[in-house]
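Worksheet: one structure, shown below.
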Amino acid sequence: MEPTGDPEARIRDLERPLAEQASATEMGATAPIPPPPYAPPPTAPYQAPSYPQYGSPYYARPQQVVHKRNQPALWLIPLIVGVFVAAGIVGVVVYFVVGNSSTGGVSGGGGSVAVPTMPSLPAIPSMPSIPSIPAIPGIGPTDEVLTVEAGGSLSIGGVDKKQTVICNQGTVSISGMNNTIDVQGSCAAVTVSGMDNTVTVESAGTIGASGFDNKVTYRSGDPQTSQSGTGNVIERG
């Protein structure tokens with residue numbers, strides 16, 4: 001219909017398909033619905049325009065995480081190279097030090113190079129000798145020979161002492177404990193006291209013993225003897 005046509009006729013043309021559909025429905029028949037005079041609206045979802053120059057502080061674009069695969073070859077290469085370098089250094093040291101130790105030097109282009117020797121360590125000073133302990137007077141053995149002349153007297157005491165006495169008509173007195181005394185010559189008198197003393201007399205005018213468990217033996221003569229105490233013995237031997 002042309003634009004200059006009757007508007008009412010245009011309206012009747014638009015209402016005619018609806019009227020025909022309604023009459024067909026009343027009669028029990030289904031008439032096909034004619035297509036609308038205008039194309040249907042697009043069905044695509046509405047997308048808001050993006051304005052990248054105006055970023056929203058309340059929205060952030062999700063970031064993509066990229067997973068990288070482990071590459072063991074990247075760290076194995078330096079390890080292998082380091083092993084080979086260390087083996088090479090050890091081989092060089094063994095060749096130059098151990099291989100040429102018999103010649104006393106290292107061969108090279110300019111001649112032999114002497115291998116440096118380790119400096120000798122200073123000698124450790126010896127420990128000072130411990131001074132001997134002096135003998136305590138009256139205790140322990142002695143090698144000194146004592147002499148007593150006529151009219152003189154000699155006293156011997158102490159512990160564990162061994163003594164030799166040369167007597168020339170003198171007087172000898174022995175005391176202490178566990179002493180061994182050898183009286184040579186001829187004495188005017190010999191007296192023994194203390195404990196566990198052993199006395200040998202070659203000859204004496206008188207012999208006396210007191211104390212405990214002393215033993216006096218004379219070799220010759222007939223001395224006058226006297227005993228007191230406990231366990232003392234005077235006998236010829």
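Taken together, the values in this text are just the output of simple stated rules run on the coordinates, not laboratory data. What you see is a predicted model; the values in this text were computed from it and never measured. A quick note on method: Cβ atoms are made from the backbone with ideal geometry, for glycine too, and the neighbour counts reach across all protein chains shown.
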### Task
For each of Tyr218, Tyr95, count neighbouring Cβ atoms within 10 Å of the residue's Cβ, then give the residues from fewest to most.
Tyr95, Tyr218
### Query
Local charge sum around Asn232 (other residues, Cβ-Cβ under 12 Å, Lys/Arg +1, Asp/Glu -1)?
-2
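What does the C-alpha gyration tensor say about the overall shape of the range 145-236? Classify as rounded when a/c is under 1.5, otherwise prolate if a/b is larger than b/c, or oblate.
It is oblate, given that a/c is not under 1.5 and a/b is not larger than b/c.
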### Sorted by Cβ density within 10 Å, fewest first, the residues Glu144, Glu15
Glu144, Glu15
#### Entry: Total charge dipole magnitude, the range 145-236, about the Cα centre, Cβ charges on Lys, Arg, Asp, Glu only, Debye to nearest 20
40 debye
### Task
Would you mind calculating the gained length between Tyr95 and Glu202 on full extension (0.36 nm times residue separation, minus the Cα-Cα distance), in nm to one decimal?
29.8 nm
